[in-house]
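The values are calculated or read from the model by the stated rules, or taken from the named source; none is laboratory data. These numbers were taken from a predicted model, which means no experiment stands behind them. Note that we place each Cβ from the backbone using ideal geometry, even for glycine, and neighbour counts take in every protein chain shown.
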Amino acid sequence: MRNQAQLITYVDRLAGDFAGVRDLLQGPLHGVFGGIHALPFFDPIDGSDAGFDPIDHREVDPRLGSWQDVDELGSSLPIMADLIVNHVSAKSPQFQDFLARGHDSPHARMFLTLDRVFPEGATEQDLLTIYRPRPGLPLTPVQAADRSKHIVWTTFTPAQIDIDVHAPESRAYLEAILDRFATHGIEMVRLDAVGYAVKTAGTSSFMTPETFAFIDELTALCHARGIEVLVEVHSYWRKQVEIAEKVDLVYDFALPPLVLHALYTGRTTRLRRWARLRPHNAVTVLDTHDGIGVIDVGPDASNVENLGLLSAEEVDELVEGIHEHSHGSSRLATGAAASNVDLYQVNCTFFDALGADDRAYLIARMLQVWLPGVPQIYYVGLFAGHNDVELLHATGVGRDINRHHYTPAEIEQAMTRPVVQQQLALLRLRNTHAAFDGDWTLHDGGDHELAMTWTNGDEVAHLAVDLAARTFELTVTVDGQQRSITEVTELTGLGAAPRRA
């Protein structure tokens, strides 16, 4: 992965198809991104979970284009794709064949049943020990055409059937996907929901030693094909640090709530502590296709003695703060409302979570791009998008409030907004300035201040923010001279920083 800003987007919701995304990245967004994470573009993109339940994980949804279109986009920018490890669609030909033929199906062992994990039966305590970020049990009864009945694992929804990742049939299935990715130049995969992939009796079945062993196996398969691995896990922060030691890259999901906390309270104490603890082999985010996670900063759900980056009370205040800043629209899309599958996430655009305050938003983005790691920018956040309450009401899906379908006219209009123009300039600076290839220093400061410096030889990129006053100062070298920036309007003049070789 290039040490440059990365775009994360649904292909259809940003630009209709792959050709439209390519035109945007080669046109008005030229130089803004050094790579793209194309969210599930497999057939179909409009199942029960916005593409995370593909019927055929190896085929491009024809409404978006073809593998040739993927190849053409990848010829200019590295592409990351999702490897949906934990499950397949209930409509997949493999599961449909299992329902039609029962144990006679060649795919029968591909699907994880309750008795595969608990051959002697599961006790109440066994089931209650399973880690669940949402209500209910991860189990669904099904009946095959031969009248045989089975209880299959369904970690997310009954429309997504968990596979037995250790079965030879499942291994062949996953390797076939990786082979297709490698053939078409996919340079990185995100292991979607891999934390739930291995079920082990008597454990939480979430990020256990057995899970880490499986991640090692899967990573080896990816590396053998020249593919890097990004692990996606929402969990207690110490577990994230532990995961980072064993993989190529992890997400810094603790950053978004901590940045909001800092801007809401004007205090940098919690954010500064995390800046000292966090792994540097991270993909940093503010907004994602999912909600703003709070489990990543709260106390350990499995052991309350393990303190969070925020206290339980601070987490509650943060959630209420998001609802207040979004004028209540996030409340319509969060928790038990709107068919949510993840109750630990607040569904809201990051811009609206900051009360649509341009200055606060740009400071948040500065903090993201100055911290060590590779910054990833969500397409709605790229345009400082508002909550799409109309789409929420139309679909009844909470996450859709932050999954707007942009028209070309909307993109053209958004590109004229100062907050968007300044953000694009900031990202171009992050992509091109040589200092960001150097050494990073976090400076001491007061409770309201946070300062960081990147240094690479004579090249310097320094950021100092006062969270209480919501002011900042950038000091960067431009043509060998240090330049100080204190107003967001000046950001648009920073696009000519020295380029890397």
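General remarks:
- Answer residue from the stretch 155-193, given it is among the small types (Gly, Ala, Ser) and either outside any helix (DSSP H, G or I) or touching a helix residue (DSSP H, G or I) at 6+ places or on another chain (Cβ under 7 Å) (or both) and is farthest from Ser105 (Cα to Cα) among those: Gly185
- Close pairs (9 angstrom Cβ cut-off, 6 or more residues apart or separate chains): at pLDDT 95 or above in the stretch 246-258, basic (Lys, Arg) and assigned to a loop (DSSP other than H, G, I, E, B) anywhere: Asp252/Arg278; Ala254/Arg278; Leu255/Arg278
Per-residue answers, yes or no, for (1) of a type in the set (Phe, Trp, Tyr); (2) modelled with pLDDT under 95:
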position	(1), (2)
Leu429	no, yes
Phe436	yes, no
Asp444	no, yes
Thr453	no, no
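- Set Thr219, Thr211, Thr183: member being more than 30 Å from His448 (Cβ to Cβ), surrounded by 19 or more Cβ atoms within 10 Å (Cβ to Cβ), of a type outside the set (A, V, I, L, M, F, W, C) and out of contact with any strand residue (DSSP E or B) (no Cβ under 9 Å at 6 or more places or on another chain): Thr211
- Residue count for the stretch 79-91, restricted to those that are outside any strand (DSSP E or B) and either in contact with a helix residue (DSSP H, G or I) (Cβ under 7 Å, 6 or more places away or on another chain) or crowded, with 23+ Cβ neighbours inside 10 Å (or both): 2
- Any hit, the stretch 419-438, residues being more than 28 Å from the chain's Cα centre (by Cα) and among the hydrophobic types (A, V, I, L, M, F, W, C): no
- Residue within the stretch 140-159 that is of a type outside the set (Val, Ile, Thr) and crowded, with 21+ Cβ neighbours inside 10 Å present: yes
- Residue list for the stretch 459-489, filter: basic (Lys, Arg) and in a strand (DSSP E or B): Arg483
- When restricted to residues that are surrounded by fewer than 18 Cβ atoms within 10 Å (Cβ to Cβ) and closer than 15 Å to Asp23 by Cβ, the stretch 60-78 contains 3.
- Enumeration of residues in the stretch 291-331 that are at pLDDT below 90 and either over 21 Å from Ser204 (Cβ atoms) or not assigned by TED's automatic domain parsing to the domain that holds His234 (or both): Gly291
- In the stretch 263-298, the residues that are more than 21 Å from the chain's Cα centre (by Cα) and farther than 17 Å from Cys348 by Cα: Thr265, Gly266, Arg267, Thr268, Thr269, Arg270, Arg272, Arg273, Arg276
- Residue in the stretch 402-412 that is among the acidic types (Asp, Glu) and touching a strand residue (DSSP E or B) at 6+ places or on another chain (Cβ under 8 Å) present: no
- Applying the condition of being among the hydrophobic types (A, V, I, L, M, F, W, C), part of a helix (DSSP H, G or I) and out of contact with any Leu (no Cβ under 7 Å at 6 or more places or on another chain) to the stretch 390-428 and asking which residue is farthest from Ala364 (Cα to Cα) yields Ala394.
- Residues of the stretch 117-154 that turn out to be under 17 Å from Leu99 (Cβ atoms) and not in a loop (DSSP other than H, G, I, E, B), as a count: 10
- Residue that is farthest from Asp17 (Cα to Cα) [pool: residues in the stretch 48-59 that are crowded, with 21+ Cβ neighbours inside 10 Å and out of contact with any Leu (no Cβ under 9 Å at 6 or more places or on another chain)]: Asp53
- Output for the stretch 429-458, where each listed residue is crowded, with 16+ Cβ neighbours inside 10 Å, in contact (Cβ under 8 Å) with a residue 40 or more places away in the chain and not in a loop (DSSP other than H, G, I, E, B): Leu429, Arg430, Asn431, Thr432, Ala434, Ala435, Phe436, Trp440, Glu449, Leu450, Met452, Trp454
- From Val285, Val346, residue being closer than 30 Å to Ala435 by Cα, modelled with pLDDT of 90 or more and either assigned by TED's automatic domain parsing to the domain that holds Gln413 or crowded, with 17+ Cβ neighbours inside 10 Å (or both): Val285
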